[in-house]
Each structure stands twice: as C-alpha cells, then as structure tokens.
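Reading through the structure tokens given below for one structure.
The values are calculated or read from the model by the stated rules, or taken from the named source; none is laboratory data. If you're wondering where the values come from, they're calculated on a predicted model, not measured in any experiment. Counting neighbours? That spans all protein chains shown, and the Cβs are built from the backbone with ideal geometry, glycine included.
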Amino acid sequence: MDVSLSLLVIRFAAGMLLMGHGAQKLVGIGGGPGLQTWTANVEKMGFRPAALWGAASVAAEFIGGIALAIGFFTPLVAALLVGQLFVAIAKVHWPKGLWVQGGGYEYPFLLAVIVAVVGLGGPGRYSVDAALGWDLVSGVIFVPLAALAIIVNALMIRATPAPAAPRREERQPAEARRRAA
C-alpha cells in the first residue's frame with residue numbers, strides 16, 4: 001500500500017474529528033456547547049479576553065481540522081493544532097489522569113501525536129500542499145512553529161488565574177440541596 005494513501009486516511013480522520021470538535025464549540029452540534037457557552041467556559045478557565053480566546057480555539061479546531069484533512073498549510077495548521085491540544089491537555093484534562101473514561105488526556109494526547117507526526121513528515125502526496133509543491137518543507141517549518149505555539153500557550157496558561165473554588169453551597173451534593181430547600 002502507498003504510504004501517502006495511509007497518511008491521507010490518518011490525516012483526514014484526525015482532521016475531521018478536530019473539525020467536529022470545533023463545530024461542537026461553534027454551533028453546538030452533537031451535544032456541544034455552542035459559541036456562547038464555550039466562550040463562558042473559556043472565561044471560567046481564566047483566559048482573558050474570553051471572546052478572543054474562545055474564537056481562536058474554535059477556529060483552530062474547526063478551520064484547522066479541515067485544513068489538516070485536506071493537507072493545506074500543513075506545517076502552520078499542525079503547529080496551531082498542537083498548541084490547541086496542549087492547552088486542552090494542560091488546562092482541562094491533565095488533572096484527571098490519562099484515561100478518557102475519567103476525563104483524562106488520552107484522546108487529545110493521541111490527536112496531538114498524530115498532528116505532530118503529520119507536521120513533521122508532511123501531508124503526503126495526496127494533499128493540497130503537494131499539489132502546490134509545498135509539501136517538502138513541512139518539518140523544517142513545523143518544528144519552530146510548534147515550539148513557539150507551545151511556549152506561547154504555556155506562558156498564557158501560566159498567566160491565567162486558577163479557577164476559584166466553588167462556594168460551599170455549590171459543593172453540596174444535589175440531594176442535600178433538595179433536602180435543605
């Protein structure tokens with residue numbers, strides 16, 4: 001089997017899954033939050049201005065997912081997605097451990113690895129980049145862009161305040177709140 005065909009299948013599957021996550025955050029498909037609720041969640045995570053960072057994360061996943069799937073601007077898109085997935089892992093999933101059943105980072109980590117491999121190796125022969133003759137420089141461009149994305153996102157995470165602890169009444173189990181009412 002042609003390695004470029006295998007790469008196309010992997011790249012397309014990962015890209016479409018990332019696009020789907022972006023669509024959940026953008027328009028709420030598949031039980032997703034939609035842009036307004038997603039922006040509120042971004043604000044709860046401490047990112048300011050929340051509208052800017054919410055839109056940036058949606059664009060990275062939605063537009064970036066499509067671009068990854070078709071192999072367009074691959075090193076730039078892969079670096080942006082690695083940065084986005086780094087934030088998802090560090091800010092949301094890391095405290096929950098590895099496994100996805102507990103909300104852990106297993107799934108975004110696997111997507112980050114796939115995206116990084118595509119960024120390093122290039123999108124393959126069956127891509128828009130290859131049709132334009134851009135596929136031969138992917139790794140050279142991807143490495144500094146991905147490093148920059150991770151550094152900027154790490155600094156941004158470091159600058160965000162820790163989420164406030166829930167008030168005492170918010171920590172009570174729902175049953176206790178019902179009995180108290």
Quiz item: Hey, any hits in the stretch 2-12 for a residue that's surrounded by fewer than 17 Cβ atoms within 10 Å (Cβ to Cβ), in a loop (DSSP other than H, G, I, E, B), in contact (Cβ under 8 Å) with a residue 12 or more places away in the chain and not β-branched (Val, Ile, Thr)?
Solution: yes
Quiz item: What is the number of the single condition among (1) at pLDDT 95 or above; (2) closer than 16 Å to Leu81 by Cβ that Gly139 does not meet?
Solution: (1)
Practice problem: Taking Thr74 as meeting all but one of (1) out of contact with any Asp or Glu (no Cβ under 8 Å at 6 or more places or on another chain); (2) touching a residue at least 60 places away in the same chain (Cβ under 8 Å); (3) within 23 Å of Val140 (Cβ to Cβ), write down the number of the exception. | Solution: (1)
Quiz item: Scanning the stretch 13-43 for residues that are touching a residue at least 12 places away in the same chain (Cβ under 8 Å) and β-branched (Val, Ile, Thr), which turns out surrounded by the most Cβ atoms within 10 Å (Cβ to Cβ)?
Solution: Val42
Practice problem: Taking only the stretch 104-125 into account, find how many residues are crowded, with 19+ Cβ neighbours inside 10 Å, out of contact with any Asp or Glu (no Cβ under 8 Å at 6 or more places or on another chain) and touching a residue at least 60 places away in the same chain (Cβ under 8 Å). | Solution: 4
Exercise. Please enumerate the residues belonging to the stretch 73-103 that are outside any helix (DSSP H, G or I) and surrounded by fewer than 18 Cβ atoms within 10 Å (Cβ to Cβ).
Key: Gly97, Leu98, Trp99, Gly103
Quiz item: Which condition breaks for Gly46 when tested against (1) more than 15 Å from the chain's Cα centre (by Cα); (2) in a helix (DSSP H, G or I); (3) closer than 24 Å to Ala154 by Cα?
Solution: (2)
Practice problem: Working only within the stretch 123-143, note down all residues that are in a loop (DSSP other than H, G, I, E, B) and in contact with a Gly (Cβ under 6 Å, 6 or more places away or on another chain). | Solution: Pro123, Ser127
Quiz item: Does Thr37 qualify as being farther than 16 Å from Ile114 by Cα and β-branched (Val, Ile, Thr)?
Solution: yes
